[in-house]
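The values are calculated or read from the model by the stated rules, or taken from the named source; none is laboratory data. Given the structure is predicted, the values throughout are model-derived calculations rather than measurements. All Cβ positions, even for glycine, are placed from backbone atoms using ideal geometry, and neighbour counts span all protein chains on display.
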Amino acid sequence: MEKEKNCCGGLSGKVAIITGARRGMGKADALTLARAGVKVVVADISEEECQLVVDEIKKNGGEGLAVKCDVTNKSEVDGLVKKAIDKFGKIDILVNNAGICQFKPFLELTEEEWDRTLDINLKGYFLCAQAVAKEMAKQKSGVIINIASVAMGQMGLGMSGLAHYTASKGGIAALTKTLALELAPYNIRVNAIAPGAIDTPMSSSADMDPKVLEGTLSMIPLHRMGNAQEIANTVLFLVSEKSSYITGSIVVVDGGWLAG
Ligand SMILES: NC(=O)c1ccc[n+]([C@@H]2O[C@H](COP(=O)([O-])OP(=O)(O)OC[C@H]3O[C@@H](n4cnc5c(N)ncnc54)[C@H](O)[C@@H]3O)[C@@H](O)[C@H]2O)c1
């Protein structure tokens, strides 16, 4: 444990909020940052499931706090920030990770489905980033990581059946670059991670039609899905002082998918 704390770029004693952290990548981020000595606020729609992650953090000797927060709800987001400050006194790191991904052909996509995806995946990132950045600006330091996707258009991919999702992820890429400009004067770095196909409850290889899985793997030079820990390792680097000159970047973690 001590060795890990020392090797992780000055993270010991920092405070992080991670959204969507009851499972999947958010949970891996929470456990990984906690192992590096970060006090982690585990936020998601189920407080009970967040508490299970906090219990695991505590069992490993770390510190954490479970908070129920729907990221589309501004008063819950403001409450999340207040609870983090009340408990730990500051916020150094935000990982905007909460998201949904539901396949629907464009011609059948309803307005409600569009709004729900954009509300969680994009508006939620705005609400959390703004509420946390106001605190970070006071202390003149902080790091924000936005989880985008290779399915973000422009420098990434379009993806059939995911017009609403790809629009939200393209929005996250644009938001990341603009926030990097606006928040740099406050010494706040803002970066995005664009994962490829990662084996989590959202896209579980076990639940995939073997033909769809093989079709996906055929596009990935490393010919396998990534795992949540591989994203958490990237988060660890981007929130540490080892990445002190990186801001406004979109780090692609995709087994070579976009290289093809
Ligand atoms: N799995 C992949 O292949 C993949 C690829 C690229 C990007 N991503 C992105 O990575 C992030 C994490 O996804 P994951 O794969 O771990 O999926 P996941 O479904 O396991 O985790 C997403 C989490 O977000 C939470 N969430 C959903 N709506 C919420 C809301 N309104 N408020 C708060 N929390 C909410 C869920 O409860 C869940 O715990 C997402 O932003 C996703 O779009 C995933």
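Key figures
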{"quantity": "Selection from the range 41-91 of residues that are of a type outside the set (A, V, I, L, M, F, W, C), under 14 Å from Ala21 (Cβ atoms) and within 10 Å of the ligand (Cβ to nearest atom)", "calculated": "Asp44, Ser46, Glu49, Lys68, Asp70"}
{"quantity": "Any hit, the range 122-137, residues being surrounded by fewer than 21 Cβ atoms within 10 Å (Cβ to Cβ) and among the acidic types (Asp, Glu)", "calculated": "yes"}
{"quantity": "Whichever residue in the range 211-222 is under 13 Å from Leu258 (Cα atoms) and either assigned to a helix (DSSP H, G or I) or among the hydroxyl-bearing types (Ser, Thr, Tyr) (or both) and, among such residues, is modelled with the lowest pLDDT", "calculated": "Thr216"}
{"quantity": "Residue in the range 203-210 that is surrounded by 20 or more Cβ atoms within 10 Å (Cβ to Cβ) and either not basic (Lys, Arg) or not in a helix (DSSP H, G or I) (or both) present", "calculated": "no"}
{"quantity": "Per-region count, the range 23-56, residues assigned to a strand (DSSP E or B) and in contact with a Leu (Cβ under 6 Å, 6 or more places away or on another chain)", "calculated": "3"}
{"quantity": "Residues located in the range 127-162, provided they are among the hydrophobic types (A, V, I, L, M, F, W, C) and closer than 19 Å to Val239 by Cα", "calculated": "Cys128, Ala129, Ala131, Val132, Ala133, Met136, Ala137, Val143, Ile144, Ile145, Ile147, Ala148"}
{"quantity": "Tally, over the range 170-182, of residues that are more than 16 Å from the ligand (Cβ to nearest atom) and surrounded by fewer than 20 Cβ atoms within 10 Å (Cβ to Cβ)", "calculated": "5"}
{"quantity": "Among residues of the range 187-202, those that are in contact with a helix residue (DSSP H, G or I) (Cβ under 6 Å, 6 or more places away or on another chain), surrounded by 16 or more Cβ atoms within 10 Å (Cβ to Cβ) and of a type outside the set (A, V, I, L, M, F, W, C), counted", "calculated": "5"}
{"quantity": "Residue satisfying condition, being of a type in the set (Asp, Glu) and away from the ligand (no atom under 13 Å from the Cβ), within set Asp209, Asp254, Asp199", "calculated": "Asp209"}
{"quantity": "Residue list for the range 8-22, filter: within 16 Å of the ligand (Cβ to nearest atom), in contact with a Lys or Arg (Cβ under 8 Å, 6 or more places away or on another chain) and not in a loop (DSSP other than H, G, I, E, B)", "calculated": "Ala16"}
{"quantity": "Ile220 of a type in the set (Val, Ile, Thr), surrounded by fewer than 21 Cβ atoms within 10 Å (Cβ to Cβ) and in contact (Cβ under 8 Å) with a residue 24 or more places away in the chain", "calculated": "yes"}
{"quantity": "Helices (runs of 4 or more DSSP H) fully within the range 74-160 counting 3 or more residues that are among the small types (Gly, Ala, Ser)", "calculated": "74-88, 124-139"}
{"quantity": "Considering residues of the range 183-196 that are out of contact with any Leu (no Cβ under 9 Å at 6 or more places or on another chain) and not hydroxyl-bearing (Ser, Thr, Tyr) only, the residue farthest from the ligand (Cβ to nearest atom)", "calculated": "Pro185"}
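Conditions tested, residue by residue: (1) without any contact (Cβ under 8 Å) to a residue 24 or more places away in the chain; (2) acidic (Asp, Glu); (3) closer than 26 Å to Val143 by Cβ.
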site: Ile172; (1), (2), (3): no, no, yes
site: Ile188; (1), (2), (3): no, no, yes
site: Leu213; (1), (2), (3): yes, no, no
site: Gln229; (1), (2), (3): no, no, yes
site: Ser243; (1), (2), (3): no, no, yes
site: Val252; (1), (2), (3): no, no, yes
site: Ala259; (1), (2), (3): no, no, no
